[in-house]
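So the structure is just underneath, and the comments pick up after that.
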Amino acid sequence: MKYDLIVVGAGVLGTFHAYHASRLGKNVLLLEKDEKQAGSSTQNFGQVVPSGLSSTWNKYGQRSLVHYLELQQKADFTIRQQGSVYIASDDAEQELLEEQRDIHAKAGYENIMFSKKGIIERFPDLNPDYIKSGLFYPQELSVDPRQMVNRVSDYLNEMGRVHVRYNHKVMAIIRKMTGCEIELENGNTFRSEQVLVCCGYSFKTLYPAIFEKSNIKISKLQMLKTKPLSNIKLKSNILTGLTIRRYESFEECPSFANLATPERYQKLKENGIHILFKQADDGSIIIGDSHEYAGIDGVRELGCQSNPEIDGLIMKEARRILNLPEDCIAERWAGFYGQHEDDIFVHDVEKRIKIITGIGGKGMTSAAGYAEESINSLYQV
Ligand SMILES: Cc1cc2nc3c(=O)[nH]c(=O)nc-3n(C[C@H](O)[C@H](O)[C@H](O)COP(=O)(O)OP(=O)(O)OC[C@H]3O[C@@H](n4cnc5c(N)ncnc54)[C@H](O)[C@@H]3O)c2cc1C
């Protein structure tokens, strides 16, 4: 059988490219090397926050909100519309929030500014001493990162819309006279008209020479997860002062250029730390994160272990914001993603074979919307 499209890698980029191609009536095969998706798309917070993206990527984020909500109508993909809130802790962060409020309001992206009192009323578990004000985005979403992408690909497979094959590691992609041939680790082959390579940060295997020259960087992020904490209620994605100082949307604010880093943030910034919280349905809270960078061999260079000193810095700042009980951490891990200076790495290997990866720290927010445009352009819709 010859497919219209084979997608290599069932992370968010691969799955949503397969999803959108199936919506155009294409016959799609999605191949994943692992037993279940276990790349960046399951290692993350699961915050779907277009408000944090540059104005260019915000539009993909907004389209993603539409696709996520449409999917959630069909089955439970763990998608929850509980909004996101940015908490300013000093005057400079508050100024950025006010500027961002105006920029997004002008662009028609709904948000609500809350005073300190308003935030305390809505998020009584946050430490009042930390709060200056907050900017709330009611339409934003959160997902359970361990489950969402696997549930989407399983659903597409069950509905017969996309053929999904796990434990199918692609070893080579060969251009033929009419289409392409995919060779798997077990020696089996598949054929298709087109191939999209969405293999995330483990990208070196298939095209080492291309990735060597790609300028893709690997980022390592340390993450922690608490035990279920039923006495804390954080309904929304919580993003804090250091996030306001870090996310791309705020870089477009007028006062960002003159933003000074106070002494208390120095060590945290050196380790790329900003504090986010995301509470799951069972009451457990994901806390993170830090950022270390390396070249395309980053996973090996940076190592898969969490550095306890970095975890300590994350938790110290997290406790300044949220009153967490002692000994509440149940899990810690390091997640990785590939990122490119052009926001994403898109490369035509040859006619019919395209690499799409390096979406960085915004894939859960924007991949569903980005993939729609990418598939429409592939099929000239
Ligand atoms: C700690 C952390 C926190 C984050 N938090 C957020 C967040 O809150 N919000 C947000 O928007 N983004 C977040 N991100 C970013 C987001 O997770 C990534 O942008 C996104 O998951 C990248 O998706 P991907 O499909 O490109 O890669 P991946 O999810 O890594 O998927 C690639 C897939 O390809 C498969 N593969 C590789 N090689 C082969 C092969 N040869 N054959 C078959 N299969 C192959 C891999 O097994 C993998 O399943 C976070 C990332 C991390 C690491």
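The values are calculated or read from the model by the stated rules, or taken from the named source; none is laboratory data. All values reported here derive from a predicted model rather than from experimental measurement. Here the Cβ is made from the backbone with ideal geometry for all residues, glycine too, and neighbour counts use every protein chain on show.
Quick one: would you say Ser202 is part of a strand (DSSP E or B), within 9 Å of the ligand (Cβ to nearest atom), within 21 Å of the chain's Cα centre (by Cα) and of a type in the set (Ser, Thr, Tyr)?
no
Within the stretch 1-10, does at least one residue satisfy the condition of being in contact with a strand residue (DSSP E or B) (Cβ under 9 Å, 6 or more places away or on another chain), within 12 Å of the ligand (Cβ to nearest atom) and hydroxyl-bearing (Ser, Thr, Tyr)?
no
Name the strands (runs of 3 or more DSSP E) wholly within the stretch 312-381 that hold at least 1 residues that are within 16 Å of the ligand (Cβ to nearest atom) and farther than 21 Å from Lys213 by Cβ?
Ranges flagged: 329-339.
Looking at Ser55, Ser89, Ser41, Ser64, which is the one that is touching an Asp or Glu at 6+ places or on another chain (Cβ under 7 Å) and among the polar types (S, T, N, Q)?
Only one candidate qualifies: Ser55.
In the stretch 133-184, which residue that is more than 14 Å from the ligand (Cβ to nearest atom) and hydroxyl-bearing (Ser, Thr, Tyr) is surrounded by the most Cβ atoms within 10 Å (Cβ to Cβ)?
Ser133
Within the stretch 197-214, can one find any residue that is farther than 24 Å from Lys362 by Cα and in contact (Cβ under 8 Å) with a residue 12 or more places away in the chain?
no
Condition first: surrounded by 24 or more Cβ atoms within 10 Å (Cβ to Cβ) and within 8 Å of the ligand (Cβ to nearest atom). Now tell me which residues in the stretch 29-43 satisfy that.
Passing the criteria: Leu31, Glu32, Gln37, Gly39, Ser40, Ser41.
So that you can scan it fast, the table gives a plain yes or no per residue for (1) outside the structural domain of Gln279 (by TED's automatic domain parsing); (2) touching a Phe, Trp or Tyr at 6+ places or on another chain (Cβ under 8 Å); (3) more than 22 Å from Leu242 (Cβ to Cβ):
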| position | (1), (2), (3) |
| --- | --- |
| Asp125 | no, no, no |
| Pro128 | no, no, no |
| Leu156 | yes, yes, yes |
| Val164 | yes, no, yes |
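What pairs come up if the first residue lies in the stretch 295-315 and is among the polar types (S, T, N, Q), the second is surrounded by 12 or more Cβ atoms within 10 Å (Cβ to Cβ), and their beta carbons are under 6 Å apart, counting only those six or more places apart or on different chains?
Note: pairs meeting the criteria are Ser306/Gln222; Ser306/Arg332; Ser306/Ala334.
Out of curiosity, is Ile275 more than 30 Å from Glu181 (Cβ to Cβ) and surrounded by 17 or more Cβ atoms within 10 Å (Cβ to Cβ)?
yes
Would you kindly identify the helices (runs of 4 or more DSSP H) lying entirely within the stretch 220-307 that contain at least 2 residues that are touching a Leu at 6+ places or on another chain (Cβ under 7 Å) and more than 16 Å from the ligand (Cβ to nearest atom)?
Of the helices (runs of 4 or more DSSP H) lying wholly inside the stretch 220-307, those with at least 2 residues that are touching a Leu at 6+ places or on another chain (Cβ under 7 Å) and more than 16 Å from the ligand (Cβ to nearest atom) span 266-270.
Looking for whichever is assigned to a strand (DSSP E or B), over 30 Å from Glu309 (Cβ atoms) and of a type in the set (Phe, Trp, Tyr) here; the options are Phe190, Phe211. Which one fits?
The unique qualifying residue is Phe190.
Among what's in the stretch 44-58 and is more than 11 Å from the ligand (Cβ to nearest atom) and either out of contact with any Pro (no Cβ under 8 Å at 6 or more places or on another chain) or not assigned by TED's automatic domain parsing to the domain that holds Gly358 (or both), pick the residue that is nearest to Gln100 (Cα to Cα).
Residue satisfying both the conditions and the ranking: Ser51.
When you scan the stretch 285-326, how many residues do you find that are at pLDDT 95 or above and either in contact with a Cys (Cβ under 9 Å, 6 or more places away or on another chain) or among the charged types (D, E, K, R) (or both)?
Number satisfying all stated conditions: 9.
Return the total of residues in the stretch 1-39 being within 12 Å of Cys198 (Cα to Cα) and assigned to a helix (DSSP H, G or I).
Number of matching residues: 7.
Only residues that are outside the structural domain of Asp90 (by TED's automatic domain parsing) and in contact with a Cys (Cβ under 7 Å, 6 or more places away or on another chain): list them for the stretch 204-259, please.
Across the stretch 204-259, the qualifying residue is only Leu206.
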